[in-house]
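What follows is a set of notes on a single structure, which appears directly below.
The values are calculated or read from the model by the stated rules, or taken from the named source; none is laboratory data. It should be emphasised that the depicted structure is a prediction, and the values quoted were computed from it without experimental measurement. Methodologically, a virtual Cβ is constructed for each residue, glycine included, from the backbone with ideal geometry; neighbour enumeration extends over all protein chains shown.
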Amino acid sequence: MQNEISKDVDHKRFVAEPLTWVVNYADYLYAFAMSRLRNEAVAKDLVQDTFLAALQRLDTFEGKSQEKTWLTAILKNKIADFYRKKSSVALRDLKISDAEGEQHNFFDAETGHWNKEHSPGAFGLEAEDPLMMKELRAILNDCIAKLPGLWSAVFSMKHMDDLESELICTELKLTAANFWVIMHRTKLNLRACLQKNWN
């Protein structure tokens, strides 16, 4: 009996219901886009583009995943496309030699640990305090919003979406060196911003 139930669950197909997409998923998709883009107009446009692309590809929806999962995957591709278009301009100003110099300033070449004079200060954060965690999250989001768009995209894809570095490089057409420079500078900027704004 148990095997029959699990077989039914395994073979369950989800049916796309386009007429309910806006009501059921617009807020979620918009929040998802905003967390990566931090630009209301672009987030709204990409959510609309996601619904349009899903309608155009409705015949490819096999029902193996839920609509929400499928729509989110389409939106992720739209976000990657958006940053891919912007990345070629942003990469022109990216100097690897400058970042390597910054690396030596902040980190010990042998151990990879922070140099003493640049070592981050203690945050004084109690993990059990939900109010402090909420405040820190808000400050972190503000700091991420101040990053250049490409940096924010790389950071979000790596640390929010848990994507492999190689996949991010492929999606955004970055070299491994470009990726390393962006991540390095992003972390330094976020650290400086958090230390400045977190009391």
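Points worth noting:
- Any hit, region 155-166, residues being surrounded by 10 or more Cβ atoms within 10 Å (Cβ to Cβ), at pLDDT below 85 and not in a helix (DSSP H, G or I): yes
- Per-region count, region 130-184, residues small (Gly, Ala, Ser) and within 16 Å of ILE79 (Cβ to Cβ): 5
- Those residues of region 48-69 which are crowded, with 18+ Cβ neighbours inside 10 Å and closer than 26 Å to LEU174 by Cα, in sequence order: THR50
- Any chance TYR25 is surrounded by 10 or more Cβ atoms within 10 Å (Cβ to Cβ) and either at pLDDT 95 or above or in the same structural domain as PRO148 (by TED's automatic domain parsing) (or both): yes
- Unmet criterion (only one of (1) modelled with pLDDT of 85 or more; (2) touching a Leu at 6+ places or on another chain (Cβ under 6 Å)) for GLN56: (2)
- Exactly one residue out of ILE74, ILE79 is outside the structural domain of LEU150 (by TED's automatic domain parsing), in a helix (DSSP H, G or I), within 13 Å of the chain's Cα centre (by Cα) and under 20 Å from LYS158 (Cα atoms), and it is ILE79.
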